[in-house]
Amino acid sequence: MALINENYLKLKAGYLFPEIARRVKAFTEANADAAKRLIRCGIGDVTEALPEAVRYAMHEAVDEMGDRGTFKGYGPEQGYDFLRTAIADNDYKARGLNIEADEIFISDGSKCDTGNILDIFGAGNKIAITDPVYPVYVDTNVMCGNTGDANEAGAYAGLVYLKCTPENGFVPEIPAEKVDLVYLCYPNNPTGATATREQLTAWVAYARKHGSILLYDAAYEAFIQDPAIPRSIYEVEGARDCAIEFRSFSKNGGFTGVRCAFIVIPKTLTGTTKDGTKQALHPLWSRRHSTKFNGASYIVQKGAEALYSDEGKSQIKALIEHYMGNAALLVEACQKAGLSVFGGANAPYVWVGCPNGVTSWQMFDKMLNEANVVITPGSGFGSAGEGYFRISAFNSRANVEEVCRRIAALN
Ligand code: MLT
């Protein structure tokens with residue numbers, strides 16, 4: 001008799017995006033004509049072609065693989081030095097941040113990293129998440145038994161929910177109680193909010209005071225337009241001693257289908273054993289990574305490295321300008337429609353208040369049925385997301401302009 005992990009039975013119906021896909025499929029099967037007009041602004045999946053510099057580097061890497069003399073088998077699990085060094089030099093040292101190449105671990109995505117990181121933390125931690133939140137943080141904690149059951153509103157016993165509202169700019173207040181792990185994501189998915197240096201400084205001070213670890217998801221840092229907003233948690237002094245940072249090539253380099261990301265675990269960062277001994281987290285993650293992961297492919301890592309070339313940087317810039325131009329149009333269209341609008345200025349997500357007490361899923365249905373546009377219902381990100389919906393700016397310009405026309409025409 002094989003026992004199952006019963007924590008999975010606590011999970012709510014479906015992971016948000018497959019659930020949206022299921023509803024859209026049902027709609028398109030029942031409405032063939034409307035299906036032809038459908039525009040997807042739900043999942044934050046990039047739409048524009050891979051940068052040329054990446055394609056060129058990947059072609060070259062494929063050719064290397066086709067020659068016995070330059071062929072590569074298993075690579076280093078932590079990632080090839082060429083990519084770890086390019087990241088340390090460009091994303092950190094060039095900005096005056098003290099992160100070394102060997103503190104960086106290459107992976108196949110931030111979704112996996114933010115879920116897998118729980119492997120190196122023990123049971124019994126008090127865990128705080130923002131509400132609304134990227135659902136992966138919650139569901140992976142449920143899966144590994146860090147929570148009790150969910151209540152009617154979908155909130156899990158045992159988690160500390162930090163409400164994010166227009167009043168606090170969607171950046172949570174520092175909790176009065178002590179928590180051990182805190183997930184923060186800025187620029188934020190789903191609200192598109194950013195955290196100021198002062199706000200992040202307060203979080204670092206809190207974490208250092210309590211021996212907490214900040215799990216800082218910076219997957220959208222490339223979309224920051226305002227130079228005063230920190231792009232990395234390590235811009236805050238003391239963060240090396242209390243924060244893990246997650247970064248991804250998915251949204252800046254268009255790698256959602258290619259798969260490459262990284263995690264930074266400073267060597268100075270420690271957790272604690274039950275007897276109170278401090279233990280560095282870096283060797284634990286290194287052990288975990290090399291046991292459960294065989295490294296991202298050489299071809300993919302060569303593609304990622306090319307994003308740091310001069311051509312790669314200017315091609316990323318063009319992609320970001322494209323998506324942020326879309327975001328600006330969506331913000332304007334929603335404002336003109338009289339809706340309250342947040343985000344979209346330093347992030348590719350526009351967070352919109354539903355009109356007159358319409359719920360998030362009612363708004364989802366309205367947009368699907370009347371405008372044939374797929375959006376993401378805010379309640380899918382947590383109970384504080386009820387009454388909001390998210391529009392993703394990842395799309396072609398023509399599609400976004402059409403979405404704006406349809407929003408204007410909505411009743
Ligand atoms: C989203 O739409 O929230 C993102 O695409 C999710 C992800 O990056 O995994």
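Can you say what percent of the DSSP beta bridges in region 126-265, counting only those with both residues inside, are antiparallel? Round to 5.
Bridges in region 126-265 that DSSP calls antiparallel: roughly 25 percent.
Mind jotting down the distance between the C-alpha centroids of region 230-275 and region 96-128, whole Å?
Region 96-128 and region 230-275 have Cα centres spaced 6 Å from each other.
Once both labels are modelled 7 Å past Cα along the beta-carbon direction, what's the residue 45-residue 28 spacing in nm?
The two pseudo-label positions are separated by 0.9 nm.
Which length gain, in nm to one decimal place, applies between residue 17 and residue 205 when the Cα-Cα distance is subtracted from 0.36 nm times their residue separation?
Numbers: separation 188, 0.36 × 188 = 67.68 nm, distance 3.50 nm.
Extra length available between residue 17 and residue 205 comes to 64.2 nm.
At a threshold of 8 angstrom on Cα-Cα distance, excluding pairs fewer than six apart, so keeping six or more, what relative contact order does the chain reach in percent?
Contact order relative to length: 23 percent.
What FRET efficiency comes out for residue 409 versus residue 359 if R0 is 30 angstrom and r is the Cβ-Cβ distance? Round to the nearest 0.05.
It comes to 0.85.
Pull up the DSSP beta bridges for region 185-282 and report the antiparallel fraction as a percent, rounded to 5.
Just about 60 percent of them are antiparallel.
Of the options 87, 270, 410, report the single residue whose Cα projects farthest towards the positive end of the charge dipole of the chain (beta-carbon charges: Lys, Arg +1; Asp, Glu -1).
410
Taking the DSSP beta bridges in the chain as the whole, what percent of them are antiparallel, to the nearest 5?
Roughly 55 percent of the DSSP beta bridges within the chain come out antiparallel.
Return the FRET efficiency for the residue pair residue 174, residue 279: r is the Cβ-Cβ distance, R0 is 35 Å, and the value is rounded to the nearest 0.05.
Values: r = 26 Å, r/R0 = 0.74.
Efficiency, rounded to the nearest 0.05: 0.85.
Kindly list the residues of region 382-411 that lie in the label zone of residue 337, defined by a backbone N under 12 Å from the point 7 Å along the Cα-to-C-beta vector.
Hits in region 382-411 for residue 337 at 12 Å: 389-392, 402-411.
Give, in nm to one decimal, the length gained when the segment between residue 55 and residue 38 is fully stretched (0.36 nm per residue of separation minus the Cα-Cα distance). Don't skip to the end; give the middle numbers.
On the way: separation 17, 0.36 × 17 = 6.12 nm, distance 2.96 nm.
Contour length minus Cα-Cα distance gives 3.2 nm.
Taking the highest mean first, how do the peptides 98-105, 283-290 order by number of other beta carbon atoms within 10 angstrom per residue? Walk me through the numbers on the way to the answer.
Values: 98-105: 18.6, 283-290: 16.4.
Taking the mean over residues of other Cβ atoms within 10 Å, the ranking is 98-105, 283-290.
Between residue 314 and residue 226, what is 0.36 nm times their sequence separation minus the Cα-Cα distance? Round to one decimal in nm.
Working: separation 88, 0.36 × 88 = 31.68 nm, distance 1.82 nm.
Gain on stretching residue 314 to residue 226: 29.9 nm.
Before rounding to the nearest 500, sum -39500 (n - 2.57) across all DSSP H runs of length at least 4 in the chain and divide by the residue total; then give [θ] at 222 nm in deg cm²/dmol.
Result for the chain, helices only: -10500 deg cm²/dmol.
Suppose the Debye formula is applied to equal point scatterers at every Cα of the chain; what is log10 I(q)/I(0) at q = 0.11 Å⁻¹?
The Cα Debye sum returns log10 ratios of -0.85.
Arrange the peptides 364-376, 62-74, 186-198 so that the one whose residues have, on average, the most other Cβ atoms within 10 Å appears first.
186-198, 364-376, 62-74
Using amide H atoms built in the peptide plane, which far-off residues or other-chain residues are under 5 Å from residue 162 H to H?
Answer set, sorted by chain and number: 129, 130, 131.
Once both labels are modelled 7 Å past Cα along the beta-carbon direction, what's the residue 68-residue 267 spacing in nm?
4.0 nm
How much FRET efficiency would the formula 1/(1 + (r/R0)^6) give for residue 112 and residue 10, where r is the Cβ-Cβ distance and R0 is 25 Å, rounded to 0.05?
0.75
Please list the non-local residues whose amide H lies under 5 Å from the amide H of residue 354, H modeled 1.01 Å from N, same-chain partners needing a gap of 5 or more.
HN-HN under 5 Å from residue 354: 388, 389.
Every number here is computed from the coordinates shown, using simple stated rules; none is lab data. Bear in mind the structure is a predicted one, so any value in this text is a computation, not a measurement. Counting neighbours? That spans all protein chains shown, and the Cβs are built from the backbone with ideal geometry, glycine included.
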